[in-house]
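The values are calculated or read from the model by the stated rules, or taken from the named source; none is laboratory data. Since the structure is predicted, the reported quantities are computational estimates derived from the model, not experimental observations. Virtual Cβ from ideal backbone geometry, glycine too; neighbours counted across all protein chains shown. Areas reflect the complete protein model, heavy atoms only, side chains present, ligands, DNA and RNA absent. Shrake-Rupley method; radii C 1.70, N 1.55, O 1.52, S 1.80 Å.
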Amino acid sequence: MTAQQVAFWALAVVSVAAGVAVFTVDSMARATLALLVSLVCVGLILLLTGLTYLGVLVILMMVMEMMVMAVFMVMYMMNPGGLMPMRMVHNNGGAMAVAAGVFVLLAGGAFLVPWPVRRVGLPADPTRALGVAVMGPKMLVMMVVGVAILATMVATVVLAVHRDRGDRPGDTEAEP
């Protein structure tokens, strides 16, 4: 096995283990971190397979998404840190049956479907070709939407912080 194959399988195992941990830990904070680890491993796998744009995009999006999720979790959940145990899955038997059925269906589809054979060679710049194929003439719209999403994340973090940038820790509200 080459080093790339070893890294692929190691990241795949970590990704699946972290995905399982999402449903087995007893706090939302730990579940969020486990989900982040799982999805960063998927992004690293994409980087290993030569899909640089998608790999970086997945990693950046997941880190930002988990940051926003953690901020809202701390703001609105009664037990974000998991000081009181909680169950992340309800109806375990039904959930396991549905998960097993979906796994069998997807695995069967992956092995039984005749995959197409590549008829043309790779483009000179696969990243650009992928961007054009996915976005096409909507690239400018997606860039504007990306800036709007970034502004929303920054505004969410600013609104979640209770003190002003001029406040110092330890200062009291009332001055003599």
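Data for the structure
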read-out: Per residue accessible area of segment 1-126, 1.4 Å probe, in Å²; value: 72 Å²
read-out: Relative contact order (%) - criterion: Cα under 8 Å, at least six apart; region: the chain; value: 20 percent
read-out: Apportionment of accessible area to carbon and sulfur, the chain, percent (1.4 Å); value: 74 percent
read-out: GNM top mover of LEU57, LEU159, LEU130 - the chain, alpha-carbon springs below 10 Å; value: LEU159
read-out: Most mobile of ALA70, ALA100, ALA34 in a GNM of the chain (Cα contacts under 10 Å); value: ALA100
read-out: Rounded to 10°, Cα long-axis angle of helix 139-160 versus longest principal axis of the chain; value: 30 degrees
read-out: Restricting segment 116-150 to trypsin sites (Lys or Arg not before Pro) in coil, as DSSP defines it, with at most 15 other Cβ within 10 Å; value: ARG118, ARG119
read-out: Summed residue charge, Cβ within 12 Å of VAL132's Cβ, Lys/Arg positive, Asp/Glu negative; value: +1
read-out: Lys/Arg +1, Asp/Glu -1 at C-beta; the chain dipole; positive extreme among THR32, LEU130, TYR53; value: LEU130
read-out: Vicinal HN-Hα couplings computed from phi for segment 126-132 (Karplus, 6.51 cos²θ - 1.76 cosθ + 1.60; Hz; Gly/Pro x); value: x, 5, 5, 4, 5, x, 5
read-out: Shape of the chain, Cα gyration tensor, a/c cut at 1.5; value: oblate
